[in-house]
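The values are calculated or read from the model by the stated rules, or taken from the named source; none is laboratory data. Computed from a predicted structure; not experimentally measured. Methodologically, a virtual Cβ is constructed for each residue, glycine included, from the backbone with ideal geometry; neighbour enumeration extends over all protein chains shown. Side chains are part of the model used for accessible areas, which takes the heavy atoms of the whole protein and leaves out ligands, DNA and RNA. Shrake-Rupley method; radii C 1.70, N 1.55, O 1.52, S 1.80 Å.
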Amino acid sequence: MGTVNDDYPKAKKQMSDADLKAKAVAQYEAKKVTGETTTPKFPTEIIELPSRGILYPKDSELSKGKIEMKYMTAREEDILTNQSYIKQGVVLDKLFKALIVSDINYNDLLLGDKNAIMVAARILGYGKDYDLEVMSPSGEKQKITVDLTKLGEKEVDWETLEKSDGMLTVGLPASKREVTVQLLTHGVQKKIDAEMKGLTKLKKDAQMTTLLKHLITSVDGNSETKTIRHFVDNELFAIDARAIRTRLNEVTPDIDLEIDCIDEEDGEPFRSNVNIGLDFFWPDSKL
C-alpha cells in the first residue's frame, strides 16, 4: 500500500492506550515544570501516499507525497461511536481529520490517497492484522488474516499522469469528441453525494451521469457547466462513458486491495479482494 515509513510497524511496538496515557501524563508533568502550555504530542508515523504527491499544487502540503498521522487513542474511539456522525455518514472523515497531523486541505485529497489513509488509520488504531472471509474457487468460504502493511499500490500509467497536471484528455471512440476529466477528490465526491441526496428525494436514480457531470471539466474545449451537463444527459454514448471510466482507472493512484490466497480444498492459489466490512474500524461490533 501507499503506507507508512520503513520503520513501521516492524521496528516499533504498537502502543496501548495505557502506554499513550502514561506518555501524555509524563509530557504534561514536564511541561508544568518548564511552564509550557502546548498540547502534548502523541506518537506519529509518516504515511506515504499512492499519488506520490505529483497531482497536488506545489504549495500544498500534499505535494510532498506523504503526511503525518498519530496513533489512535480512546478519544478517537469516541468519534467512532458518535451516533450523530454515524447517522450523517461522516464518522470516518471525522476520524481521519482527527488523526492527520499534517496541515492539509482535506477536500483536496484524491480518493486513492484517502484509501491509503483509511488503511493506515486502521493499522494505527487496531494493528496490522485484519481477519476476514473470502470465497475460494471451490465455492467454500475460508477465513484468512491479512497483513495490511503488505498491501501494495495499484499499477498506473505514471507517464501520462505526470504530464496531466491533474486533468486528463480523453478522445471518445464513438462520437470522436474530446473531453477533459479530473481525478476524483474528497471535495468532488462531497458535491456528488449532495446532488445524489437531492435526486433521491425526488426518487431519481442517476448515479453514473451525476458522477460524469462532476468529473468532466470540458467538452471539445468548452468548460461551461451547462454544456457539460447537456452533453452527459443527451449526447454521451455508453461506449464513450465506458472509455472515460476505463482511462480514469488506468491513471488513478490507489492501494491494491487484491491479495494472494491459497484454496484450502485443493491447495491452488487464487486472488481475492479485501472486502472492508464494519469490523474494519469496529472490530468488537460482532457484525
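Taken over segment 171-189, the criterion of being surrounded by 14 or more Cβ atoms within 10 Å (Cβ to Cβ) and over 28 Å from the mean Cα position of the chain (by Cα) is satisfied by LEU172, SER175, ARG177. Scanning segment 131-148 for residues that are over 25 Å from the mean Cα position of the chain (by Cα) and hydroxyl-bearing (Ser, Thr, Tyr) yields a count of 2.
Could you check, for segment 162-178, whether at least one of its residues is part of a loop (DSSP other than H, G, I, E, B), at pLDDT below 90 and closer than 24 Å to ASP220 by Cβ?
At the first step, the residues of segment 162-178 found to be part of a loop (DSSP other than H, G, I, E, B) are 165-166, 172-177.
Checking the rest, the ones that are also at pLDDT below 90 come to 165-166.
Right, trim to closer than 24 Å to ASP220 by Cβ and you get 165-166.
For segment 162-178, residues part of a loop (DSSP other than H, G, I, E, B), at pLDDT below 90 and closer than 24 Å to ASP220 by Cβ: present.
Taking residues in segment 65-82 that are at positive phi, and partners anywhere that are open to solvent by less than 50 Å² (accessible area, probe 1.4 Å) and small (Gly, Ala, Ser), the pairs with Cβ atoms closer than 8 Å and at least 6 places apart or on different chains are GLY65/SER51; GLY65/GLY53. Only one of the numbered conditions (1) of a type outside the set (Phe, Trp, Tyr); (2) within 17 Å of the chain's Cα centre (by Cα); (3) open to solvent by 50 Å² or more (accessible area, probe 1.4 Å); (4) closer than 26 Å to ILE262 by Cβ is not met by LEU151, and that is (3). Taking the criterion of being open to solvent by less than 40 Å² (accessible area, probe 1.4 Å), in contact with a helix residue (DSSP H, G or I) (Cβ under 9 Å, 6 or more places away or on another chain) and over 23 Å from LEU151 (Cβ atoms), the residues of segment 232-264 that qualify are VAL232, LEU236, ALA241, ILE244.
Within the bounds of segment 198-213, is there any residue that is part of a strand (DSSP E or B) and free of Cβ contacts under 8 Å to residues at least 60 places away in the same chain?
Of segment 198-213, the ones part of a strand (DSSP E or B) are none.
No - not one qualifying residue is present in segment 198-213.
If you scan segment 154-164, which residues turn out to be more than 18 Å from the chain's Cα centre (by Cα) and open to solvent by 30 Å² or more (accessible area, probe 1.4 Å)? Within segment 154-164, ASP157, TRP158, GLU159, THR160, GLU162, LYS163 meet the criteria. Determine whether ILE192 is of a type in the set (Val, Ile, Thr), at pLDDT 90 or above, open to solvent by less than 40 Å² (accessible area, probe 1.4 Å) and part of a helix (DSSP H, G or I). Yes, satisfied. Search segment 262-285 for residues being among the β-branched types (Val, Ile, Thr) and outside any strand (DSSP E or B), and hand back the single one that is modelled with the lowest pLDDT. Across segment 262-285, the extreme among qualifying residues is ILE276.
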